[in-house]
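First comes the structure, then the notes that go with it.
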Amino acid sequence: MEQRFLTARVGKQDSHKIATYIADGGYETAQRVLTTMKPEDVVEQVKASGIRGRGGAGFPTGMKWGFLAPAMPRYLVVNADESEPGTFKDRIIMEYDPHQLLEGIIMSAYAIKAELAFIYIRGEYYFGYTRLVEAIQEATKKGFLGEKIFGTEMNLRIVVHRGAGAYECGEETALLSSLEGYRGHPRMKPPFPAVEGLYAKPTIVNNVESIANVTHVMRHGVEWYRSFGTEKSPGMRIFCLSGNVKYPGLYELPHATPLSDILNQYGGGPQFDDRPFKAVVPGGLSMKLLTDQQLDTQMDYESVAAAGSSLGSAGVIAIDVSQSMVKIARRTLSFYREESCGKCTPCREGTGWLEEILIRMEEGGGRVKDIDLLARITTFIAGKSFCPFGEASVWGLQSNLSKYRAEFEQYVALTNPEHELPVIPIRPIYRPDTGQPSVATDSAFEIEGESPLNRDTRVKAIGD
């Protein structure tokens with residue numbers, strides 16, 4: 001099994017130098033592809049390989065390329081805005097093997113007939129940004145980028161654009177808005193970027209790891225690539241392991257590797273031997289939690305989905321029994337409340353409500369009925385916002401409340417044994433302040449039934 005990313009070169013100061021990459025056979029594949037293959041053949045080979053997007057959604061890369069509208073010019077945008085907590089694979093690729101990414105960009109741009117490519121990198125990745133800029137300069141001097149590369153008629157220029165640190169810009173349409181110089185807000189789909197993307201032209205947006213996989217599919221072939229993983233989740237995957245394990249880090253393993261192997265065989269087991277695992281985030285902070293009874297789950301898209309979560313960006317976060325699920329819920333919601341772009345009311349306001357309730361609960365003012373209230377509020381956010389951020393902001397909390405409700409109830413019993421009610425500030429600001437606190441301490445009505453916002457059938461209008 002070839003180690004593609006976690007090689008001995010990692011850690012050396014000159015690991016990005018083009019001489020090192022060429023010595024390992026780099027750019028020979030790009031030259032062969034551009035001089036002997038048609039763009040349509042490259043697309044078909046990527047389709048046959050079954051590469052699935054590594055940014056979170058897992059959409060087949062070749063299929064996305066096949067959706068391109070016939071208009072010109074076309075653009076390739078590499079999503080390097082790796083802002084999902086618990087995920088750091090793209091960073092390492094860009095910092096220690098950037099030429100692998102550049103070669104993938106050359107072949108991908110050739111396949112979709114693009115002459116301008118962008119790498120949208122999160123602003124915090126300054127070291128990765130400098131590595132990419134230097135690598136592009138090296139490749140340009142060698143004639144691998146620029147005009148008539150490898151002696152062909154293909155021209156390609158790569159622009160590295162630094163984002164401003166917005167989680168929302170990991171969503172492809174918000175990324176495109178930001179790249180154009182606008183506020184990083186998502187766009188309506190359809191039209192999808194493949195039809196109308198950057199500057200209203202056909203655009204392909206792919207994750208860094210996805211493009212890096214193109215390099216190895218074209219170098220080693222479809223059969224080699226599909227020899228790893230499963231039929232529907234082929235190839236290798238870089239798992240980002242963090243949390244309460246002895247050896248956190250990056251582990252490149254085939255899809256369908258059992259979660260228990262990642263945690264115990266590669267991660268060394270629980271950080272402290274007397275503190276076993278209680279929960280695991282399988283694919284980045286936004287994904288639903290898996291319990292300690294689900295550690296044998298195979299880490300491929302279908303198996304993780306069957307277990308009630310998503311593989312996402314493969315950011316595995318281990319949580320041991322010493323951690324409070326209430327505090328984890330509050331910290332998670334605080335992050336998503338802070339990162340909401342503010343475009344949609346359910347997401348913008350709802351995450352704030354959830355955070356306030358969790359803060360009150362964490363500080364000893366929680367009630368058992370708050371658990372149901374939290375769960376109810378999440379139903380008005382998930383699926384009610386413009387982009388998938390709504391789901392991402394509450395999936396973790398929903399699974400936390402569902403699987404660890406007893407811990408929430410126990411926390412409330414220990415921190416608020418007298419069942420003291422919170423003071424609800426209801427005095428409007430336009431009334432004079434009497435200097436006395438509000439006497440209202442509880443809502444007047446119990447939660448009953450479903451909201452009409454949850455209806456999924458058309459309401460008949462008068463006259464129908």
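The values are calculated or read from the model by the stated rules, or taken from the named source; none is laboratory data. Just so we're clear, the structure is a prediction, and the values are computed from it rather than from any experiment. Counting neighbours? That spans all protein chains shown, and the Cβs are built from the backbone with ideal geometry, glycine included. The area values use the complete protein model at the heavy-atom level, side chains included, leaving out ligands, DNA and RNA. Shrake-Rupley method; radii C 1.70, N 1.55, O 1.52, S 1.80 Å.
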### Summary
Of every hundred units of 1.4 Å-probe accessible area on segment 260-353, the number belonging to carbon and sulfur atoms, as a percent, is 45
### Sites R360 and V321 - FRET efficiency at Förster radius 35 Å, r taken between beta-carbons, to 0.05
0.90
### Cα-based convex hull, the chain, per residue volume (Å³, whole number)
193
#### Entry: Rounded tilt (10° steps) of 98-112 against the dominant C-alpha axis of the chain
80
### Query
Tilt of helix 368-378 relative to the longest C-alpha principal axis of the chain, in degrees (0 to 90, nearest 10)?
40
## Note on the structure
Here the convex hull volume per residue of segment 19-123, taken over Cα atoms and given in Å³, is 125
### Query
Residues with beta-carbon under 9 Å from that of E362, excluding E362: net charge, scoring Lys, Arg +1 and Asp, Glu -1?
+2
### Task
Find the eigenvalues of the gyration tensor of the Cα atoms of segment 261-324, then list the square roots of 5 times those eigenvalues as equivalent ellipsoid semi-axes, largest first, in whole angstrom.
19, 12, 10
### Task
Report, in debye and to the nearest 20, how large the dipole of segment 204-325 comes out about its Cα centre when Lys and Arg carry +1 and Asp and Glu carry -1 on their Cβ.
240
### Two-site FRET efficiency, D261 against T152, from Cβ-Cβ distance with R₀ of 30 Å, rounded to 0.05
0.10
### Query
Given a Förster distance of 51 angstrom, what is the FRET efficiency for F67 paired with T345, based on the Cβ-Cβ distance and rounded to 0.05?
0.95
### Query
What angle, in degrees between 0 and 90 and rounded to the nearest 10, separates the Cα long axis of helix 39-49 from the longest principal axis of the Cα atoms of the chain?
50
### Query
Extent of segment 232-351 along each principal axis, from alpha carbon coordinates, in Å, largest to smallest?
44, 38, 23
### Task
Could you check how many percent of all C-alpha pairs in segment 83-208 are farther apart than 17 Å?
58
### Message
What aspartates and glutamates does K89 reach when the alpha-carbon gap must be under 15 Å and sequence neighbours fewer than 8 apart in one chain are set aside?
### Response
D81, D97, E124, E209, E252
## Note on the structure
Helix-only [θ] at 222 nm, the chain, -39500 (n - 2.57) per DSSP H run of 4+, per residue, nearest 500, equals -11000 deg cm²/dmol
### Task
Can you give me the P(r) profile for segment 76-145? Cα pairs, bins 10 angstrom wide beginning at 0, each as a whole percent.
20, 54, 24, 2
### Query
For K246, which lysines qualify as cross-link partners when the Cα separation must be under 17 Å and same-chain residues fewer than eight apart are set aside?
K278
### Query
Relative contact order (percent) for segment 52-137, with alpha-carbon contacts under 8 angstrom and 6 or more residues of separation?
36
### Message
Tell me the relative contact order for segment 266-349 as a rounded percent, counting alpha carbon contacts under 8 Å between residues six or more apart.
### Response
29
### Cross-link pairs beyond the 22 Å C-alpha cut-off, checked among K288/K327; K64/K141; K64/K113; K47/K113; K189/K343
K64/K141
## Note on the structure
Per the rule of 0.36 nm per residue minus the C-alpha distance, extending W353 to W224 adds in nm 41.4 nm
### Query
Magnitude of the Cβ-charge dipole of the chain, K/R +1 and D/E -1, about the Cα centre, nearest 20 debye?
1040
### Query
For segment 374-428, what is the convex hull volume of the alpha-carbon atoms per residue, in Å³?
109
### Task
Calculate the spin-label point distance for K232 paired with D274, positioning each point 7 Å from the Cα along the beta-carbon direction, and give it in nanometres.
4.4
### Mean separation of Cα contacts under 8 Å (6+ apart) over length of the chain, as relative contact order %
14
### Query
Regarding segment 143-228, what are the three Cα extents along the principal axes, ordered largest first, in Å?
40, 36, 26
#### Entry: Cα gyration tensor shape for segment 158-289, rounded if a/c is under 1.5, else prolate or oblate
oblate
### Query
What length, rounded to one decimal in nm, is gained on full extension from E420 through to T20, with 0.36 nm per residue of separation minus their alpha-carbon distance?
137.4 nm
